Amino acid sequence: MSERRGEIQWLRAVAAFEVVIVHSDLATKHLGDPAVVQGWYGRVAGIGVELFFVVSGFIICLVAPRAQGGVSFMLGRIRRIIPLCVIFTSLAAAIHLSAGRYLIAPAPITPDRLLRSYLTLPQWSYPVLGPTWTLEHEMMFYLVVAGALLLGAPTHRRKLALGAVVVALGCLGCWLGPDPNVSVWTFHLASPYMLAFGFGWLLCCCEEAGGRERAAIGVLCAAAVLLAFAVGQDWSHRLVLRIGVVTLLCAAALRARAVLSADGALNRMAWRLGDASFSLYLSHWFVLSAVGKLAAAAGVPHDLALPVRIAGILLAMAVGLLTYRLIEMPIDRLLRRRAPGRRRAALAIPPRWAAGDLPIPERVAPVIPARPPGGVLDGRVGP
């Protein structure tokens, strides 16, 4: 029997809500309202990206062993991510082609960039739908896991070894830094974000480990953070710290599993938002942008900027929930039925919580000069 992992849904809901808040400037940028990313919030804004990556590592560690090999695992991830990504990337491209000044990511749309955006392939510039840059890192992590599955069944020891490898790739990424001289594939494979995936993976390993082994995993993660600080550069230090913080947050949520999985109105609301988090992530930019333009066209005064921001956030969440019900779920059901040789295994979590369903927020750390300095897609730039 499937068991609801309410704490995981809570983490996804919190991260998705934080993403919408970060980008809520889109709803007020025409009203002259100060940016939300400032002051104390400026230090943690966009931390949902690290939270989602840690959660992704945890969930993939749960579902990967049940895949029928590396190829089956990778095809499953592609079915979950690519269709919805193609739909919203096409929408972003269509908006730009119909009104050239409305461009979500500040770069021309070329055939190569469009193809890479559809397939979430690594690229130096932002994809056509800027927020989907994180899917490039997700896919790279999935490739690492798929490669490991090709080597044999993931026993507990092999899972621990794979977690250590992924963490090591993150430390290597801190050492390499944002060097445009390296291959774009190398940059995504050896990225500091791999630390988040690895820590999430090892958190999952802790659930089937004994006391001493859990302590050893904790020591490994702490040592990795120290090593990343030692070999890293200034740009990576803040990112590593954020990854460490959200890893502790995830560990605390796992400890509160009984509370966060209990039936109740607040928990059910969080679970629904967690279910729809991928749809919310892909759709919220369009909704907030439309709210901002309508507010400007209606001549809404500056004094009402806060109500407009709140209305934009609530509307984005509602559209995300509808998108999940009307688009994401039907597509998922259709592709699952048509998957060759597909046999749904009894999972510890419902299938819709599989890793491909994870939403990803905006880039936080600076990456390369070709992308906007500071990394976060400015909520005041774009459509």
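The values are calculated or read from the model by the stated rules, or taken from the named source; none is laboratory data. Quick caveat, the model's predicted, so the values are computed rather than measured. All Cβ positions, glycine included, derive from the backbone under ideal geometry; neighbour counts span all protein chains shown. Note: accessible area is taken over every heavy atom of the protein model, side chains too, but ligands, DNA and RNA are not part of it. Shrake-Rupley method; radii C 1.70, N 1.55, O 1.52, S 1.80 Å.
Note on the stretch 180-217: residues that are open to solvent by 20 Å² or more (accessible area, probe 1.4 Å) and either hydroxyl-bearing (Ser, Thr, Tyr) or at positive phi (or both) amount to 2. Only one entry of Ala16, Ala67 meets the criterion of being aliphatic (A, V, I, L, M) and surrounded by fewer than 22 Cβ atoms within 10 Å (Cβ to Cβ), and that entry is Ala67.
Can you pull out every residue in the stretch 161-178 that is within 20 Å of the chain's Cα centre (by Cα) and among the aliphatic types (A, V, I, L, M)? Once the filter is applied, which keeps residues that are within 20 Å of the chain's Cα centre (by Cα) and among the aliphatic types (A, V, I, L, M), the stretch 161-178 yields Val166, Val167, Leu169. Taking the listed residues Pro122, Pro127, Pro131, Pro154, the one that is touching a Ser or Thr at 6+ places or on another chain (Cβ under 8 Å) and either closer than 23 Å to Gly76 by Cα or open to solvent by 50 Å² or more (accessible area, probe 1.4 Å) (or both) is Pro127, with no other qualifying. Answer yes if at least one residue in the stretch 48-60 is among the aliphatic types (A, V, I, L, M) and either in a loop (DSSP other than H, G, I, E, B) or open to solvent by 50 Å² or more (accessible area, probe 1.4 Å) (or both), and no otherwise. Within the stretch 48-60, not a single residue is among the aliphatic types (A, V, I, L, M) and either in a loop (DSSP other than H, G, I, E, B) or open to solvent by 50 Å² or more (accessible area, probe 1.4 Å) (or both). Does Ala161 satisfy the criteria of being part of a helix (DSSP H, G or I) and open to solvent by 50 Å² or more (accessible area, probe 1.4 Å)? So Ala161 passes the test. Can you find even one residue in the stretch 246-254 that is under 30 Å from Val128 (Cα atoms) and out of contact with any Phe, Trp or Tyr (no Cβ under 7 Å at 6 or more places or on another chain)? Scanning the stretch 246-254 turns up at least one residue that is under 30 Å from Val128 (Cα atoms) and out of contact with any Phe, Trp or Tyr (no Cβ under 7 Å at 6 or more places or on another chain).
Scanning the stretch 169-181 for residues that are in a helix (DSSP H, G or I) and touching a residue at least 40 places away in the same chain (Cβ under 8 Å) yields Gly170, Cys171, Gly173, Cys174, Trp175. Residues of the stretch 1-40 that are closer than 30 Å to His302 by Cβ and of a type in the set (Ser, Thr, Tyr): Ser24, Thr28. Whether a residue is over 13 Å from Ala228 (Cα atoms), in a loop (DSSP other than H, G, I, E, B) and in contact with a helix residue (DSSP H, G or I) (Cβ under 6 Å, 6 or more places away or on another chain) was assessed, and Pro154 passes this test. In the stretch 218-240, the count of residues that are more than 25 Å from His137 (Cβ to Cβ) and either among the hydroxyl-bearing types (Ser, Thr, Tyr) or open to solvent by 70 Å² or more (accessible area, probe 1.4 Å) (or both) is one or more.
Considering the stretch 217-284, the qualifying helices (runs of 4 or more DSSP H), each wholly inside and each with 2 or more residues that are modelled with pLDDT of 95 or more, under 20 Å from Phe197 (Cβ atoms) and β-branched (Val, Ile, Thr), run over 234-255. Contact map, the stretch 284-308: first residue farther than 24 Å from Val19 by Cβ, second residue small (Gly, Ala, Ser), Cβ cut-off under 6 Å, separation 6 or more or different chains; pairs are His302/Gly32.
Taking the stretch 182-200 as the search range and keeping residues that are closer than 30 Å to Ala253 by Cα and not in a helix (DSSP H, G or I), which one is farthest from the chain's Cα centre (by Cα)? Of everything passing the filter in the stretch 182-200, Ala190 is farthest from the chain's Cα centre (by Cα).
Residue by residue, here is whether (1) buried (at least 16 other Cβ atoms within 10 Å of the Cβ); (2) in contact (Cβ under 8 Å) with a residue 24 or more places away in the chain; (3) touching a helix residue (DSSP H, G or I) at 6+ places or on another chain (Cβ under 6 Å) holds:
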| position | (1), (2), (3) |
| --- | --- |
| Val63 | yes, yes, no |
| Val86 | no, yes, yes |
| Leu97 | no, no, no |
| Tyr118 | yes, yes, yes |
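Here Val36 passes the criteria (1) open to solvent by less than 40 Å² (accessible area, probe 1.4 Å); (2) assigned to a helix (DSSP H, G or I); (3) more than 22 Å from Cys206 (Cβ to Cβ) except the one numbered (2). Within the stretch 254-286, the residues that satisfy the criterion of being open to solvent by 40 Å² or more (accessible area, probe 1.4 Å) and over 21 Å from the mean Cα position of the chain (by Cα) are Arg255, Arg257, Ala258, Val259, Ala262, Asp263, Ala265, Leu266, Arg268.
With respect to the stated conditions, Gly76 fails to be crowded, with 23+ Cβ neighbours inside 10 Å, touching a Cys at 6+ places or on another chain (Cβ under 8 Å), touching a residue at least 24 places away in the same chain (Cβ under 8 Å) and over 18 Å from Ser279 (Cβ atoms).
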